[in-house]
Number of protein chains: 2
Amino acid sequence: MIVETAEISIKAGEEAAFEAGVASAAPLFLRARGCHGVSLHRVVENPGVYRLLVRWETVDNHMVDFRNSDDFQEWRRLVGSHFSAAPSVTHSRLVADY
Amino acid sequence: MIVETAEISIKAGEEAAFEAGVASAAPLFLRARGCHGVSLHRVVENPGVYRLLVRWETVDNHMVDFRNSDDFQEWRRLVGSHFSAAPSVTHSRLVADY
């Protein structure tokens, strides 16, 4: 299992609108090929930064299938105006779960 | 729910030993006050870096209760020699799970 970690800095004052946008966009992820769920977290030490964690079967399910889909454009339309910088996106592979 | 994210760079060639150390240490986390699970992930874009994600009820369960416990010393004894740098540790609060 692959976890996409997107670190997203949000413009001050637009946090609630961003969170609402993520809620609206959640079905786009959940119907994407190979997506097994998405969660939104807010960094305690830096509350202007959120972490969106998306579980995928493969990196390509994210970087090829989803990124090239209309739903990706819709995701960015719903939330992109709240970003204060380009998100930092990485992937990690689950090694073990205890 | 709080997620501790520890980014841990591992000395080249010691990845398997580190993973085995995490497996040995998992019970230390699972018996810690307020701990609800731990998972180990390896960064795809930078395989020398792991992410340890630990679910806690509160930040203090990690930073006060666990950090001051003998089990934290044991955790570091099991895996610390494999670190190539001091881990980067942050916490995030779950906003929503879809």
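Each value in this text was obtained by applying a stated rule to the coordinates, not by laboratory testing. As the structure is a prediction and not an experimental result, all values here were calculated from the model. FYI the Cβ positions are ideal-geometry reconstructions off the backbone, even for glycines, and counts take in every protein chain you see.
Relative to the dominant Cα principal axis of chain A, helix A:15-30 is inclined by about 20°.
When the alpha-carbon atoms of the protein assembly as shown are used, the pair Rg, Dmax equals 17.3, 52 angstrom. By other beta-carbon atoms within 10 Å, ranking B:L30, A:L40 with the fewest at the front produces B:L30, A:L40. For B:G13, inter-copy separations between label points set 7 Å beyond Cα along the Cβ vector come to 5.7 nm, shortest first. Here the Gaussian network model covers chain B, with springs between Cα atoms less than 10 Å apart; of B:H36, B:H82, B:H62, B:H36 fluctuates the most.
Taking a ≥ b ≥ c as the square roots of the eigenvalues of the Cα gyration tensor, segment B:2-91 is classed as prolate, since a/c reaches at least 1.5 and a/b is larger than b/c. Across segment A:87-94, coupling constants 3J(HN,Hα) worked out from phi with the 6.51/-1.76/1.60 Karplus curve, θ = phi - 60°, read x, 9, 10, 9, 10, 9, 9, 5 Hz, and Gly and Pro carry x. Take each residue of peptide A:30-43, count the partner chain Cβ atoms within 10 Å of its Cβ, and average: the result is 3.
Measure out, as a whole number of angstrom, how far apart the alpha-carbon centroids of segment A:81-95 and segment B:37-74 sit. Here the answer is 20 Å between Cα centres. Using Cα atoms only, what is the angle between the long axis of helix B:70-79 and the major principal axis of chain B, expressed in degrees (0 to 90) to the nearest 10? Its long axis makes an angle of about 30 degrees. For the pair A:D97 and A:S84, label points projected 7 Å from Cα toward Cβ lie 3.4 nm apart. Maximal additional length on extending the B:R67-B:E15 stretch stands at 16.3 nm, based on 0.36 nm per residue less the C-alpha distance. Amide H contacts for A:H91 (H built 1.01 Å from N in the peptide plane; partners 5 or more residues away or on another chain; cut-off under 5 Å): A:T5, B:V44, B:E45. Cβ crowding within 10 Å ranks B:S84, A:S39, A:S92 as B:S84, A:S39, A:S92, fewest other Cβ atoms first.
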